[in-house]
Each structure stands twice: as C-alpha cells, then as structure tokens.
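The values are calculated or read from the model by the stated rules, or taken from the named source; none is laboratory data. For clarity, every value in this text was computed on a predicted model and none was experimentally measured. Note: ideal-geometry Cβ built from the backbone for every residue, glycine included; neighbour counts use all protein chains shown.
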Amino acid sequence: MRGAKSAKWVAIAGVVALTATACGGGDDDKGSGKVDPKGIVSYANGEPQNLLQPSNTMEAYGSVVIDALFTGLVHYDKQGNITYENAESVTPDKTNKVWTVKLKPGWKFHDNTPVNAKSYVDAWNWAADPANGQQNSAWYRDIVGYDDVHPEKGKAKKKAMSGLKVVDENTFTITLKNGIPYYQYKLVYKPFFPLPAAALKDPKKYGEAPVGNGPYKFAKWDRKKLISVRTWPGYKGEDKPKNGGIDFKAYTKDTAAYADLKSDNVDTMPIVPNSELANFKNDFGDRAIVSDYSALNTVNFAFYTPQWKKTDIKVLQGLSMAIDRDTIAKTVFYGTRESATGWVAKGVKGYQDDACGKFCKFDPKGAKDLIKAGGGVPGNKIQIQYNADQPHKDWVVAVCNSITKATGVKCTGDAVTDFAADTEIRDQKKVKSMYRSGWVLDYPFNGNFLADLYGTGVDGNKGGFSDKKFDELTAEADKAKTIDESAELYQKAEKELVNSFPGIPLWYNKTLSAYSNNVKKIEFDQAGDPVLSDVEVFEK
Amino acid sequence: MPDLTKTPAVDEPEVVLAEAQAGGKVLDGGEANGARSLWSDAWRDLRRRPLFIISSALILVVLLMAAFPGLFTSADPASGDLTKHFLGEPKLAHFFQEDWFGYDRQGRSIYARTVFGVRNSVMVGVGVTLLVTLFGGLVGMLAGYFGGFWDSLLSRITDVFFGIPFLLGAMVVLNAFTNRNVWVITGALAFLGWTQIARVMRGAVITTKHADYVMAAKALGAGTKRILFRHVLPNAVAPVIVVATIALGTYIVAESTLSYLGLGFGDDAISWGADISDATNDIRNNPHTLIFPAGMLSLTVLAFIMLGDAVREALDPKLR
Amino acid sequence: MGRYVARRLLQMIPVFIGTTLLIFLMVNALPGDPVKALWGDKPPDPAQVAQIKHDRGLDLPLWEQYLHYMKGLFQGDFGKTIAGNRPILDEITQAFPVSMRLAAMAWTFELVVGITLGVIAGIRRGRIIDTTVTMFTLLVISIPIFVFGRGLQLVFGNELGWVKPTVQDSENLEQLILPALVLGLVGLAYVARLTRTSIKENRSADYIRTAVAKGLPRRRIVSRHLLRNSLIPVVTYLGTDIGALMGGAVITEGIFNVTGVGNLLFQGIARREGAVIVGVVTVLVLVYLLASLLVDLLYAVLDPRIRYA
C-alpha cells in the first residue's frame, strides 16, 4: 500500500498549508531599505503538536519547523521533478525494488557529528520501532523487514529492518517488498530525514531542542509562543539562508495572525483567513501572494449508503454538472480558486487537463436531464458533510444552492463540529449522504491522487468506492518501468473515473498569503510552504 | 461567564430576595385575597409604564413573526442567487421587500433571513426559560421547603452544576451531538442553566414558608402538597418570573455565541446566531450583513429584558 | 467564624468531586478518538495507538480512570497530554498566569466602572443619566460578545491603529487593555445594573432616612451608609465572576490571540484531551469555591448584622 493521505493536516485552526508554483506579486519598487543578512524573518505558525522529531511530525505547524532544521535526501521542483539535496544520487535497480542512495560527503549535523549512511539507517530503524512512539512509522512499510520491527500488535521482534543496508560511509540501499517506480518521491517526506546518533539515545531532549542537518540551527522553544531558529554557518546545501534566522510565532486564530501581518508584527502567514479573501489584495497590494498549490477539493459519495449503493452513474454525473463552479469561485472565493476539471491537482507529474470532461462543466439543463435519465436521486435529497472548524460552510451552502436551483434536488450542508469528529464519522462509514474531501499532495505524482484515494479498500478511500477496471489500470501503472511511463498509465486510470464517478471535483486550491513591509519578498513552494531561507530582510 | 452573557450567573438574587420579602408582607392577611392584590397592583402599575408597553408591543411582533414569518415576507430565505452576492447596499426605502436589507454572501435576502430566523431564536429562548423555570423551580422549591438533608443534597447538586464554566459545559455537551436542532440546543442550555432559578426559588420559598399564613395553614392541618402549591408557590413565584424574563433574552444571545464557536444550529436551520457569526467574516466590506440580524437580535433581547425590568419594578414596592 | 469556615470547606468536597466527575463523564462521552486524531486524516497505526492508550491509562475502565486521575491529583500529578506527552501541570501553570492578568484587568474594570455607573444612575434615579446608563447596560447585554470583540479590534486595532490588534506579549499590560475591556464589558453592565437597583431600593430604607434626619453630609450618607449596604449583591456577583472571567474567555482569547485558559480549554476540546479539560476545570472549580467562601465572609464586613458562628 501507498503513503496514505495528505502529507500534512492542520491540527486545529482553519489553516491549510501546501505546495505550488509561486507567482507572488512583483515588487522591488521599494528600494528604500537595505537588506540585512542577519535579519530575522517571522512566520505566523502554531504550536507543534508533538516534540520536534521528523518521524513524529506531520501536522503543518511542526512540519515547517522541521523543514528549517533538517534537510532530507531529495526534494522536487515546480514541475514535480526530483532534485537532490543531501543525496548525490538515488537510483533503482531494474525492478524498482532495490534503491541505492549515495550521500554527498562532508555534511554535518549542527553538533558537528558527520551525516553518513548510518545516520539515516539508524534513524529509520529507530523510528519504525513502535516502542519509540513515532507517528510516521507507517511510511517505512514498503521496506523489507518492516513487519518484524513494527508488527501489527505487540513489541518489535527485531531492531532493524532487513531491507536497509549500509554499504559504506556514504552509501546505503533500500530493498522494497514490491517494486515502486516512483519511490524516490516518498523519500522527500520527513520520516526519511537523518538523526544524529545522540538523538536516538535521548529522544526527548533532542525533541525539545532538535539537532538537524538543515540550513537553520535550533535556538529556543518558548512553548505556545515562539520557536526560534538561527542560520547555521556549517550548512553544505544549496539553499543557504539569505537571512539570519526564523521566528515561528504561535497563533491560535488566523484572523489574529492576519491582523498582525497587516501591522507588520509578523512577516507572513500560511494562508489568509476566509474573512479577508475579499480584502487581502487591497490590503497588501503587490505584497499579496497568490500561488498554485497542489490540492484539490471534492465532494465524495458515501457509496455504502442505500442512497448511492445502486444509483445510476448518470445521477452522479448530473449532480456534478449542476454545480456552477466558476460563479462560486468568483463570488464565494473571490476568484481565489480555480474550477477543477479532473481528479488530479495541478502541479504534479501526470496532471492532465479536462479528465472529467463535460461532466465538470456547469450545465443546468443537461444536469436535470441526466439525473432524470438515471432515475433521480433516491429521496430527492442530499446532504454534504463537512467540518465546521474550517471555513467550508460558505462553499458547501453555495454548492447546495446551485444543485437545488438547477435540478430541484434538495441539498443541505451537514456540519460536524470539528475535524476529529468528521474523520471519525467517515472512518466508521456513518456518513449520511456525501462528504467534502480535500487532498493535498504527498508527493508530486498523479498516482497519489488516484490509487491512494480511489483504489478498492485503500485507507484514503473513505467512501467505499470500488471500480474493478480502475484497480486494474492502477495496478498496471504501478508495474511500469519508469516514472514517466507510470504517470502516463495513471492518466488512463483517471480518465476511467468518468464512468464510475467516485467524487465530484470542485476546485484547485491556491496558496493565498502576503508578506510584511519588513522583507523584500516571500514565495511559497509547491507544497504551500513558505520558502523562508530565500527571504531577505530589510535593515531596521 | 464573561463571553457567554451571564445566563447562569447570579442575576441579582439578593435583590430578588428582597422582593420576595416585600411580596410576603403585602400578602399578610390572606392568601387568595393577597395574591390578587399583589398581582393586580402590579398590573395596574405596569399598564402605566411606557417601558412595559413598548417591550410588550415588540415581543408581540416578534412572536407573530416567529409564528407566521410568511406574513412579513414572500422571499425565500434559503435560496441564494450568487449573481446577487452582496449585491448593492440595503434599500432602506423598500419596506418589507426582498432587498430591504440587501443580500448576503450567498445572494440570499437578508430581510427574509432575519424574519425566518426569529423562530429558532425565540424557540430557544422560550424553551430554555420554560425548562429551567420548571426544573430549577422544582429543585429550589423542594430544597427550600423541606430543608435539612434534602436542602443540603439539592444545594450541593446545584453547586456542582453551577461550578462548571457555562461556555465550557455547553461546548462539551454540544460537541457530543452532530445533529443540533432546536431541542438539542435548548436541552443543552437548560442542562447547564437551571441552577440560577433553583437558587432564587429556594431563597424565595425559605422566606415564604415562615410567613404567618403558611404557619396558619399548617396549623389548620393542610397537607404538604396543598401548602406547597396553594400557599407557598404562588407567593414565591414573583422573583422567579422576574429572573426568568431577563434570562430569556440572554439565552437568545447565548445561542448566537454558540454559533460563533460552530456549535449552533445545523445548516438546514435558519438562525440569527449562525447568520451573525457568519457575518462577522464580512464585517469589513459588507457590514450590512451583520447589522440587520444583529440589530433584530438585540432588539428582541432588549424587549425581554425591559419587560423583566418593568415587571420587577412593578412587583417591588420599594422600587415603585 | 473558624467553625463556619471549616463547615464550608467540608461542604466543598462533594461539590468538587461532583463537578470534576460530571465534566469527566461529559468529556468522555464526546465522539472522536483523541489518540487516533493524532494521525489526522491518515490511517492511525494500531500498535502505537494501543501503546499511547496504555501509557496514558486510557485503556482502563472509565471509573478506574477517574480514580486514577483523582489519586494523581492529590499528589499534584495532572497527567500527561495525549499529543506531545507533556505534563498537563506545565500547560496549566503556563496558561493560568496569562488568564489571571487578563481576568484581573477585566475584573478591576467591572468593579470600578460598573459600580461608578451604577451609583450615579441609582442616585440620579429617573434623570437622563440614569436612562443613559440603563440603556447602555441593556445594549451591552443584548449584543453578542464576539460582535464586540471583532468590532472593537477592527476599529481600534486595524483602522485607527491605537492599539495592537492582537496581544504580542501577554506580560505587557498595555496590550491587554482592549481584550480586558471586551471581556469585562458584559460583567460591567451587570455590576452597574445591580448597583443601581440596590441603591434605588436602599435609598428609602429607614437607616438612610435616619441619617438624613441626623443631618449627615450627603457624601457621607452615600459612601458610608448607602453604598456599603447596597454592595452585598454586587460583591456576590463580582466574587463568582472571578472564576468565570478566567475560564470563560474562550472567545476573547481567540480573537486577540491570548494563550490563556480559555484557549487551553478550546484546544483541549478540539483535541479531545480529556485530562487537560478536567485538570483546568479542577483548578477553576477550586477558584470558584474559594471565591464564594470569601464573598460570604465579606458579607460580615459589609453588613454588621451578619455574624458567622
């Protein structure tokens, strides 16, 4: 099985974070201030959920700090291609089963111990052991021997995964249970970061004051207020910071962060609050940031309910056609989202335009006819479940209105207090009719949006969707020799979804943010994270 | 409970006690007769108070709106037209027309939503008030009348509920429900809010039960039930009515505060609370989305509190 | 006096146990598994879920959990958070001072402004100033607090720029002024109303007539006789409000980004951190119980007729 759901979910507040090509406002017209290479950038973050351990961090607040402190083997560029960071090369064998990782020599941790093959292999083995309580341990499950270290139940039978072998100081190999042509994309993710040997002996101490190999060195963690990191002069990577450090300020409300950003008390924030969508471009002018972000909003069917179990696909297609995506994007989202035309988000390898075709275009008459031809919606009434702790209500109501107006099908939102309760209802398969869903890339590959969400029985498939033909096509794509070939086969699988319609694609997200007058410019990367190392701070 | 209006907090209990005492004095000399004179005195006094007349008129309109919203508007409050998204400013001269108050984010008529939102708010207000008065009143009466062990037990139970921060309690209780309709919200608010009435009732009953006419009834061999419901209750109920009327308004505010926390009505209901809390998002650009529902809410709450004030002053000879 | 206090303290024990038990049961009835929630929308790892549950004692029957909790409490152990495995006592000792500062400011505000307005309105009964104060208090009570909070933040923080829109440093009292004002506004209205009604009632009391007849100066009558006797209901209110101001500021704290008790509770509920919620409520209940005891003792000071045996 694959890497499961969205790489990051946000702990509490209505903040979503992730990738996209930055196209922030052009500036440089200030010219007034001189850049201070020792200036500190501040970022409106929140309190991380766990200790700052890479293999124990998946929510956005911890992730952004870990990213400043650690550098992994590989990353990807705006086209979704792999770039090498601490790794010199990552190469598969012919079957995509055995991957050889070569490290760039001479890298050090902040405590001046060397970063070598052992730093990776030991850290992964440590994190895979359930006794060490690392939440991301499931990411190692493709590796041979994972089940010995991390059995379904009970204690580890072995201390090390047999699939990991240190070859020499700077080389190690990863042996997978099955060939995965795009495995290097998974290595981008945090559980595959290295740890210094000392951290494995006293994880708590190193979790509170982490020692990494990244561009910034940990300075202090003032709980629920501030995490400070400072530029580390010994950094060997190419993304050397252009500033003196970062202050991650903890906020509990995005509206509070926005108010501070406006008055230059903080330099940028993950995403502007819903209430300021209409204003942020006016408020910040050329300091407003709108960049693509590989995330997709959908409304999915709970196929296990009597309502959708036997309902004709035409009805599902008709409902999709009844939604006026463009108008809602223009009004409710103030033009900050883009209507979706398929089941894969933009900015990932294998994205194709218009996979959904006419069924994702607004056509009230066609919608009505299709639904009628399919025998109508059972009960003539649908509900869309969403979590009320994030700003979903406005668009859910608008989608419902659009459906009701076009087809006469009664539609209401079904608000669940918060994300925890929402997830539980979905997990227990108790959704009454339909549910809203959002997917942020784990890795920039179209398969992540397809097989991981709509494959029969996979974790991400909460609606109980099952399409034999789609399963066959994805299995074929997974056996492909190269990434490109695999992506192409996945495109075929995506096209097949038109005939089984697991969910209604709605919009592609954007990262919407802004930066303060204190800095020259801030860009957000593909995953919706700010590229803080590139920020230049003006002299005070 | 700074954030959630003071629904359950002690709303002037001592003052109310003084009223009960005053009432007791007036009643000296004969139960049925006395009760009539207290209430008729009050009524005569009330009729002359402008505060009472205005608030009663407002409440009548609100109740009418809650019962027959269709009388006030023909627009559909639920159906939105995104082409009218925040369309235009309110048309203040278009009395009772769809665009009187302008349109909201979804292009729905704010006027129609304000009219149709009355029902849920008023139902919560009235429902919670009825429940807390019945239950709190019963607990307070039993504790006050029987005293001793029962008083200790009931008073401690009251303290337990009183000790839970109201907003926190409501958050926990309402989080347990995914289907939050008028019954659930009413029940949750009443579950946490009955203590105030219980305390007031207990105090009033304790004062009343020592009154001469109760003693006399006892001496004449009247049964407990008869004494309680014929003699004690009618005379102790005045302060409860006063507190309940004022609390009614605060329950309506409480519902909107819960909506702000995402714990108000579900999406299939139209409620002021939900609309007001949604509108705080548009406060900068489209304050009209906030002003009208919030204004109506305030006006309704004001009407109930003013009514309570008027009744209090009418019932308390010292304030007259 | 000593016996009275002892009796009151004894009475607090069942109330304390009852309140904590009630909140404990309520929190446990919430839907959503806090341990699984750590994984967000990812599939949780069963081995680790079991491990964390065992570690925090969440795999025990409910009654045993409660006993365990109370036992720990008497040794000063509030347990550990599910997310992050932090001692809950740390979270509490971090949040309470913040809330205490905010609550103290709001409370002072209620006390000073509320009583002043109430006295003025009560003495000048029926005049314009009385009507104005009454209307002001009614208005405050009838407007939801979040409307005030967002409105004042927008006007004074963003548009006028007189204050910082949010609290940057919770130890800087100047930054706490606006949130404290919002937090104390409703209480202020209640204090003013209480004082006004109470003063109005006592104005015609016999002892005031006597004082007037004796020819005492007006100022002395108001401050020594009228006010002192009229303050009993106000003191009751202010006493029980301390705890409420500390624990009930969820909305104010959210709007102004104050990381106090309200925020801790809110996050605790969202993350289903039962032990955090119960721990905070435990402290709040203690504050409330002690405050109401103090209030009762204060009665004796205010009204010489009241004596505790």
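Six or more apart or on different chains, Cβ under 6 Å: which pairs go from a residue in the range A:457-477 that's closer than 16 Å to A:Lys430 by Cα to one that's aromatic (Phe, Trp, Tyr) and in a loop (DSSP other than H, G, I, E, B)? Could you list them?
A:Gly463/A:Phe303; A:Gly464/A:Phe303; A:Gly464/A:Tyr304; A:Phe465/A:Phe303
Considering only residues that are more than 9 Å from chain C (Cβ to nearest Cβ) and within 24 Å of C:Thr252 (Cα to Cα), which ones fall in the range B:129-179?
Scanning the range B:129-179 gives B:Ala170, B:Leu174.
Where residues in the range A:114-133 are within 20 Å of C:Asn85 (Cβ to Cβ) and without any contact (Cβ under 8 Å) to a residue 40 or more places away in the chain, which of them is surrounded by the most Cβ atoms within 10 Å (Cβ to Cβ)?
Filtering the range A:114-133 for residues within 20 Å of C:Asn85 (Cβ to Cβ) gives A:123, A:126-133.
In the following step, the residues that additionally are without any contact (Cβ under 8 Å) to a residue 40 or more places away in the chain were identified as A:128-131.
Working: A:Ala128: 30, A:Asp129: 19, A:Pro130: 24, A:Ala131: 13.
That would be A:Ala128.
Among A:Gly214, A:Gly179, which is the only one that is in the same structural domain as A:Ser137 (by the TED database), at negative phi and surrounded by 16 or more Cβ atoms within 10 Å (Cβ to Cβ)? Full working, then the answer.
Numbers: A:Gly214 fails: in the same structural domain as A:Ser137 (by the TED database).
The unique qualifying residue is A:Gly179.
Among the helices (runs of 4 or more DSSP H) confined wholly to the range A:92-193, which include 1 or more residues that are away from chain C (no Cβ under 14 Å) and touching an Asp or Glu at 6+ places or on another chain (Cβ under 9 Å)? Lay out the reasoning, then the answer.
Numbers: elements: A:117-128, A:146-149, A:183-186.
Here the list reads A:117-128, A:183-186.
Could you grab me the full set of residues in the range A:139-170 that are of a type in the set (A, V, I, L, M) and modelled with pLDDT of 90 or more? Explain how you work it out, then say what you get.
Let us first name the residues in the range A:139-170 that are of a type in the set (A, V, I, L, M), namely A:143-144, A:149, A:156, A:160-161, A:164, A:166-167.
A:Ile143, A:Val144, A:Val149, A:Ala160, A:Met161, A:Leu164, A:Val166, A:Val167 - these are the residues of the range A:139-170 that are of a type in the set (A, V, I, L, M) and modelled with pLDDT of 90 or more.
Select from the range A:52-86 the residues that are small (Gly, Ala, Ser) and touching a helix residue (DSSP H, G or I) at 6+ places or on another chain (Cβ under 9 Å) and write down the one among them that is farthest from A:Lys190 (Cα to Cα). Working first, answer last.
Here is the first cut: in the range A:52-86, the ones small (Gly, Ala, Ser) are A:55, A:60, A:62-63, A:68, A:72, A:80.
Cutting the leftovers down to touching a helix residue (DSSP H, G or I) at 6+ places or on another chain (Cβ under 9 Å) gives us A:55, A:62-63, A:68, A:72, A:80.
Numbers: A:Ser55: 6, A:Gly62: 11, A:Ser63: 8, A:Ala68: 12, A:Gly72: 7, A:Gly80: 18 Å.
Among them, the one singled out is A:Gly80.
For the range C:159-173, state whether one or more residues are in a helix (DSSP H, G or I), out of contact with any strand residue (DSSP E or B) (no Cβ under 6 Å at 6 or more places or on another chain) and more than 10 Å from every other protein chain (Cβ to nearest Cβ).
Initially, the range C:159-173 is screened for residues in a helix (DSSP H, G or I), giving C:159, C:173.
Right, trim to out of contact with any strand residue (DSSP E or B) (no Cβ under 6 Å at 6 or more places or on another chain) and you get C:159, C:173.
Next, from what is left, pick out any that are more than 10 Å from every other protein chain (Cβ to nearest Cβ): C:173.
Scanning the range C:159-173 turns up at least one residue that is in a helix (DSSP H, G or I), out of contact with any strand residue (DSSP E or B) (no Cβ under 6 Å at 6 or more places or on another chain) and more than 10 Å from every other protein chain (Cβ to nearest Cβ).
Condition test on A:Tyr443, is it among the aromatic types (Phe, Trp, Tyr), crowded, with 20+ Cβ neighbours inside 10 Å and over 21 Å from A:Leu319 (Cβ atoms)? Before you say what the answer is, go through the steps one by one.
Values: among the aromatic types (Phe, Trp, Tyr): yes; crowded, with 20+ Cβ neighbours inside 10 Å: yes; over 21 Å from A:Leu319 (Cβ atoms): yes.
So A:Tyr443 fits the description; yes.
Go through (1) closer than 30 Å to B:Leu63 by Cβ; (2) more than 12 Å from every other protein chain (Cβ to nearest Cβ); (3) of a type outside the set (D, E, K, R); (4) crowded, with 19+ Cβ neighbours inside 10 Å for B:Leu92 and report which single condition fails.
Result: B:Leu92 passes all but (4).
Please find, within the range A:257-294, the residue that is nearest to A:Leu450 (Cα to Cα) out of those that are touching a Gly at 6+ places or on another chain (Cβ under 8 Å) and within 13 Å of chain C (Cβ to nearest Cβ).
Applying the filter and picking the extreme gives A:Pro273.
Between a residue in the range A:79-105 that is closer than 18 Å to A:Phe193 by Cβ and any residue that is of a type outside the set (Gly, Ala, Ser) and loosely packed, with under 15 Cβ neighbours inside 10 Å, which pairs come within a Cβ distance under 6 Å, given they are 6 or more apart or on different chains?
A:Thr83/A:Asp77; A:Lys102/A:Glu88; A:Lys104/A:Glu88
Identify the residue in the range A:242-256 that is of a type outside the set (Val, Ile, Thr) and within 14 Å of A:Ser516 (Cβ to Cβ) and, among all such residues, is farthest from the other protein chains (Cβ to nearest Cβ).
In this case the residue turns out to be A:Asn243.
Just to be sure I understand, how many residues within the range C:230-258 are surrounded by fewer than 23 Cβ atoms within 10 Å (Cβ to Cβ) and either acidic (Asp, Glu) or within 8 Å of another protein chain (Cβ to nearest Cβ) (or both)?
Residues in the range C:230-258 being surrounded by fewer than 23 Cβ atoms within 10 Å (Cβ to Cβ) and either acidic (Asp, Glu) or within 8 Å of another protein chain (Cβ to nearest Cβ) (or both): 4 in total.
A quick yes/no check of all residues on (1) at positive phi; (2) part of a helix (DSSP H, G or I); (3) surrounded by 24 or more Cβ atoms within 10 Å (Cβ to Cβ); (4) in contact with a helix residue (DSSP H, G or I) (Cβ under 6 Å, 6 or more places away or on another chain):
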{"residue": "B:Glu255", "(1), (2), (3), (4)": "no, yes, yes, yes"}
{"residue": "B:Gly262", "(1), (2), (3), (4)": "yes, no, no, no"}
{"residue": "B:Phe265", "(1), (2), (3), (4)": "no, no, yes, yes"}
{"residue": "B:Asp275", "(1), (2), (3), (4)": "no, yes, yes, yes"}
{"residue": "B:Asn281", "(1), (2), (3), (4)": "no, yes, no, yes"}
{"residue": "B:Asn286", "(1), (2), (3), (4)": "no, no, no, no"}
{"residue": "B:Gly295", "(1), (2), (3), (4)": "no, yes, no, no"}
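Working only within the range A:465-480, note down all residues that are in a loop (DSSP other than H, G, I, E, B), modelled with pLDDT under 90 and either over 18 Å from A:Tyr185 (Cα atoms) or in contact with a Gly (Cβ under 9 Å, 6 or more places away or on another chain) (or both).
So the first thing to find is which residues in the range A:465-480 are in a loop (DSSP other than H, G, I, E, B), and the list is A:465-467, A:479-480.
From what is left, the residues that are modelled with pLDDT under 90 are A:479-480.
Listed by number, the list holds a single entry, A:Lys479.
Which is within 18 Å of the chain's Cα centre (by Cα) and more than 9 Å from chain A (Cβ to nearest Cβ), of B:Ile305, B:Ile276? Working first, answer last.
Working: B:Ile276 fails: within 18 Å of the chain's Cα centre (by Cα).
Result: B:Ile305 is the single residue among B:Ile305, B:Ile276 that is within 18 Å of the chain's Cα centre (by Cα) and more than 9 Å from chain A (Cβ to nearest Cβ).
Answer yes or no as to whether C:Ala291 is assigned to a helix (DSSP H, G or I), out of contact with any Cys (no Cβ under 9 Å at 6 or more places or on another chain) and buried (at least 22 other Cβ atoms within 10 Å of the Cβ). Before you say what the answer is, go through the steps one by one.
Values: assigned to a helix (DSSP H, G or I): yes; out of contact with any Cys (no Cβ under 9 Å at 6 or more places or on another chain): yes; buried (at least 22 other Cβ atoms within 10 Å of the Cβ): no.
Here the answer is no, as C:Ala291 does not meet what is asked.
On the basis of being of a type outside the set (Ser, Thr, Tyr), assigned to a loop (DSSP other than H, G, I, E, B) and more than 13 Å from every other protein chain (Cβ to nearest Cβ), does C:Leu216 make the cut? Walk me through how you get there before you give the answer.
Values: of a type outside the set (Ser, Thr, Tyr): yes; assigned to a loop (DSSP other than H, G, I, E, B): yes; more than 13 Å from every other protein chain (Cβ to nearest Cβ): yes.
Yes: the conditions hold for C:Leu216.
Return the pair list, or none, for Cβ contacts closer than 9 Å from residues in the range A:522-534 that are closer than 17 Å to A:Val35 by Cα to residues that are of a type in the set (Lys, Arg), at least 6 apart or on different chains.
As it stands, the answer is A:Ile522/A:Arg287; A:Ser533/A:Lys240; A:Ser533/A:Lys242; A:Asp534/A:Lys242; A:Asp534/A:Lys521, since those pairs meet every condition given.
Have a look at A:Thr412, A:Thr417, A:Thr404 and point out the one that is farther than 22 Å from A:Asp459 by Cβ, free of Cβ contacts under 8 Å to residues at least 24 places away in the same chain and in contact with a strand residue (DSSP E or B) (Cβ under 8 Å, 6 or more places away or on another chain).
Values: A:Thr412 fails: free of Cβ contacts under 8 Å to residues at least 24 places away in the same chain; A:Thr417 fails: free of Cβ contacts under 8 Å to residues at least 24 places away in the same chain.
Being farther than 22 Å from A:Asp459 by Cβ, free of Cβ contacts under 8 Å to residues at least 24 places away in the same chain and in contact with a strand residue (DSSP E or B) (Cβ under 8 Å, 6 or more places away or on another chain) holds for just one of A:Thr412, A:Thr417, A:Thr404, which is A:Thr404.
Looking at (1) touching a helix residue (DSSP H, G or I) at 6+ places or on another chain (Cβ under 7 Å); (2) closer than 24 Å to A:Lys330 by Cα; (3) not in a helix (DSSP H, G or I), which is the only condition A:Ser294 fails?
(1)
Residues checked against (1) of a type in the set (A, V, I, L, M); (2) surrounded by 14 or more Cβ atoms within 10 Å (Cβ to Cβ); (3) at pLDDT 80 or above:
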residue	(1), (2), (3)
B:Leu27	yes, yes, no
B:Leu63	yes, yes, yes
B:Ala67	yes, no, yes
B:Phe72	no, yes, yes
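Cβ contacts < 7 Å: first residue closer than 13 Å to B:Val122 by Cβ, restricted to the range B:236-258; second residue surrounded by fewer than 24 Cβ atoms within 10 Å (Cβ to Cβ) and among the hydrophobic types (A, V, I, L, M, F, W, C), any location; separation 6+ or different chain. Result?
Pairs found: B:Leu248/B:Val126; B:Gly249/B:Ile305.
Taking the range A:300-326, which residues are in contact (Cβ under 8 Å) with a residue 60 or more places away in the chain and either within 23 Å of A:Asp525 (Cα to Cα) or within 14 Å of chain B (Cβ to nearest Cβ) (or both)?
Listed by number, the residues that qualify are A:Ala322, A:Ile323, A:Asp324, A:Arg325.
Quick one: is A:Ala44 in contact (Cβ under 8 Å) with a residue 60 or more places away in the chain and crowded, with 19+ Cβ neighbours inside 10 Å?
Details: in contact (Cβ under 8 Å) with a residue 60 or more places away in the chain: yes; crowded, with 19+ Cβ neighbours inside 10 Å: yes.
Here the answer is yes, as A:Ala44 does meet what is asked.
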